């Protein structure tokens with residue numbers, strides 16, 4: 001049996017949450033949209049900081065997961081990036097560029113030299 005991997009609209013839809021103020025969330029999302037459009041978002045943690053109570057519900061992840069991933073963009077999934085773009089009405093590439101730029105700054109290049117043949121000069 002093949003596992004269905006595409007998300008239906010219902011599965012990727014936020015449910016009502018009484019702790020979320022819809023007006024505060026709307027204002028936060030508009031602000032993020034504007035800031036992404038002008039290139040003002042320099043860090044993905046600005047997304048999680050925009051409205052800490054409502055943003056996890058909008059993104060469909062827990063608060064802890066949001067903080068963990070958005071404070072270290074190397075941990076972001078493509079779904080996180082796509083959902084961020086969706087909820088802020090921002091181009092996917094714009095959000096991806098911010099995430100990748102920040103992830104590269106935090107990345108340490110992977111050293112695989114111990115897995116490769118030793119260089120003995122006899123090639």
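The values are calculated or read from the model by the stated rules, or taken from the named source; none is laboratory data. For clarity, every value in this text was computed on a predicted model and none was experimentally measured. Positions of Cβ are generated from backbone atoms using ideal geometry, with glycine treated the same way; all protein chains shown enter the neighbour counts.
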### Query
So is residue 35 part of a loop (DSSP other than H, G, I, E, B) and either more than 20 Å from residue 96 (Cβ to Cβ) or at pLDDT 90 or above (or both) or not?
no
### Query
Has segment 89-107 got at least one residue that is within 22 Å of residue 37 (Cα to Cα), free of Cβ contacts under 8 Å to residues at least 60 places away in the same chain and part of a loop (DSSP other than H, G, I, E, B)?
yes
### Query
Name the pairs whose Cβ atoms lie under 6 Å apart, with the first residue in segment 36-52 and at negative phi and in contact (Cβ under 8 Å) with a residue 12 or more places away in the chain, the second in a loop (DSSP other than H, G, I, E, B) and surrounded by fewer than 20 Cβ atoms within 10 Å (Cβ to Cβ), and 6 or more positions between them or separate chains?
45/71
### Task
Scan segment 43-59 for residues that are modelled with pLDDT of 95 or more, surrounded by fewer than 19 Cβ atoms within 10 Å (Cβ to Cβ) and not in a helix (DSSP H, G or I) and jot them down.
43
### Residue that is modelled with the lowest pLDDT, among those in segment 16-32 that are over 24 Å from residue 100 (Cβ atoms) and surrounded by 12 or more Cβ atoms within 10 Å (Cβ to Cβ)
17
